[in-house]
Amino acid sequence: MKRFIKCLACITAANLSFFCVIPTENYLETQICASYTDGYDINTGFDLTEFKNDLQHNEEALLESGNHENALTYSNNILTKLDELATDYNILQCRYFCDNSDMDLFYTLQTCASDLYGAQNAFTDFIRELGEKECFTDLTDLYKISQNVNIDFARNQSQLISDYYNCSDPEKMSDIYLRLTRLRCSEAKDNNYIAYPDMIYSTVYQRDYSPQNIDQINDSVQKLISVLKTFNLKTSDNNSIDTQMSPDETMSFFESGLSPFSEEIKSVYSYATQNNLFSLVSGENISNGAFTAYLYKYNEPRCVIGYNGNKNDISDLTRQFGVFLSKYYKDCNCKYYTDKCDNNDIEQTISNYFRLIYDQRNETEYKKTISQIIESLINSYVINEFETYAYSEPDLTAEKLSHKYCEIRKNAGFSYGDEQDSDSDWVYIENLYTTPFLMTGNMTASLNALELFNVLETEGPDKASIIFDEFVTSTRDNTMTQLINSTGIHSCLVSDDINELAVRLKSELSEISDPDDSSKTGDINNDSYVNAVDLVILKKIILCSISDNTLSEYGYSLYNADLNHDDYINIFDLHRLMSLILTNSTDK
């Protein structure tokens, strides 16, 4: 069921981009704070049929009168209703994150998602049909409806994604992906795009760079990865688990680490925590990880982070507060359609910047953050290359995809057996199905973060903080390339700049890397061997609810179990450990 909720979010975001953010103000009034939690009264009486009928009647009246001002006024009033419905939906998601055992809440959330999806589609049709008339042509530009929304396409795509979440057979999962790529390529062709990547870059992410820009830097990124993968940034200190702190103590500890940032950033943190907009939550049925939503009705982001009771909480808080800041400052008037989703790329950049500056004072955490950024770059590069192939190969088959996935991963430094030339694990990568080409933004954000790392090492935290502030406080009119140019950092979209970055990083990373790391990735039981025993332990960790404390009692290393260092232990770590065991001839 958790997967279903995630599926709803991904489907809606992919089709209509309603998870964009809007401006923030200190609007707070009495009892608003309580409305973020239990005090908020969800409107369960939304009538989608009535909403559609109301749209149709007003469309007929506007077409008859030809009054442009009335159309603007009415459209903005409708957006206000959508704000309220989207706010209901996102607050429900926050509540479900805090208690995923509440089935009544789950079904309410499911109904609300269906209403929101239908209402947004109806509003899009309303604007498009008005825009076809001469006196209303500028409405489609104003609301950024750049293509006809093909309802059949949206429904078919949603159904295939739903089928994927309900499937456990790898062969059937690969078939679903093939059908998705054909569907999306056909939709791009119908809308006169060169290829599907061009369509999604333009209509969903609204990036100011093209797939061709990324293609031009791929060789340089691959060379940079060949440099990065030679450094060992992991430390045995990461295996230790801090003395357990309460949620309040953890938040206080996190707050004490905000000293490198401006007073304004600190005041945002105080405002967010005092008004329950950014919080660490604990309980028996809390979901893993974190959830960040936008409360459109109040022009505020809301972030909840699941409490673990160990040092990973600080890491989660650091990452998520960067996300919170990226949403807090943004500025937009027309709430759904003028948002530039290029800010997804900017959001990831800001989150990485915050983590780097926050963790710089702690050598262990600093290394861990750099290691995670490098890992993100490598994984994002692999997925982006794979998707580029998938949407350009005319006679695509599951077999070809598995061969290509293996080839790309080998080029990125992943180990396989001498005879292995195929890897079907790509079917487990959810982004391929739900949010295609999202990882391109993670790649550019990782490159930007490595540039800021260079600034931290050469010019210090003051200069890095200036760059951070400019990214954070940028308006929604700013794009990735504009911010890169205005801050003076080297471009993540220029091959020569990436090649120069590789040269600089080779020197800088050598100073913080560990030439001889006694904690070996994959050696979960710390016996100096990576073998089948570690594989059995990892399977137990994945299949059973084994706490960090239980692992430490047996001398097991949670850090070594997280083979891709993404702070989660799942099937991807299992596949990587199996590959490591099969290819590591020195272990017995």
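Worth pointing out:
- Test: residue in segment 331-339 that is modelled with pLDDT under 85, under 25 Å from Glu84 (Cβ atoms) and in contact with a Cys (Cβ under 6 Å, 6 or more places away or on another chain): yes
- Tallying residues that are touching a helix residue (DSSP H, G or I) at 6+ places or on another chain (Cβ under 6 Å) and open to solvent by less than 10 Å² (accessible area, probe 1.4 Å) within segment 375-397 yields 7.
- Taken over segment 178-223, the residue count meeting the criterion of being more than 30 Å from Asn448 (Cβ to Cβ) and either of a type outside the set (A, V, I, L, M, F, W, C) or in contact with a strand residue (DSSP E or B) (Cβ under 9 Å, 6 or more places away or on another chain) (or both) is 8.
- Selection count where residues are open to solvent by 70 Å² or more (accessible area, probe 1.4 Å) and under 23 Å from Lys52 (Cβ atoms), scope segment 126-141: 2
- Residues satisfying the stated conditions in segment 295-327, i.e. farther than 17 Å from Met251 by Cα and out of contact with any helix residue (DSSP H, G or I) (no Cβ under 6 Å at 6 or more places or on another chain): Tyr298, Asn299, Glu300, Lys327
- Cβ-Cβ under 7 Å pairs, at least 6 apart or on other chains, segment 286-313 side closer than 18 Å to Tyr271 by Cα and part of a loop (DSSP other than H, G, I, E, B), far side of a type in the set (S, T, N, Q) and modelled with pLDDT under 85: Asn299/Thr24
- Restricting segment 152-211 to residues that are assigned to a helix (DSSP H, G or I) and of a type in the set (Gly, Ala, Ser), the residue that is surrounded by the fewest Cβ atoms within 10 Å (Cβ to Cβ) is Ser186.
- Residues of segment 212-245 that turn out to be in contact with a Leu (Cβ under 9 Å, 6 or more places away or on another chain), at pLDDT 85 or above and open to solvent by 20 Å² or more (accessible area, probe 1.4 Å), as a count: 3
- Residue check for Met443: open to solvent by 10 Å² or more (accessible area, probe 1.4 Å), touching a residue at least 60 places away in the same chain (Cβ under 8 Å) and of a type in the set (A, V, I, L, M, F, W, C): no
- Scanning segment 468-504 for residues being assigned to a helix (DSSP H, G or I), over 13 Å from Thr444 (Cα atoms) and open to solvent by 20 Å² or more (accessible area, probe 1.4 Å) gives a total of 10.
The values are calculated or read from the model by the stated rules, or taken from the named source; none is laboratory data. This structure is a prediction, so every number in the text was calculated from the model and none was measured. As a convention, Cβ positions derive from the backbone with ideal geometry for all residues, glycine included, and neighbour counts pool all protein chains shown. Surface areas here come from the heavy atoms of the whole protein model, side chains and all, with no ligands, DNA or RNA. Shrake-Rupley method; radii C 1.70, N 1.55, O 1.52, S 1.80 Å.
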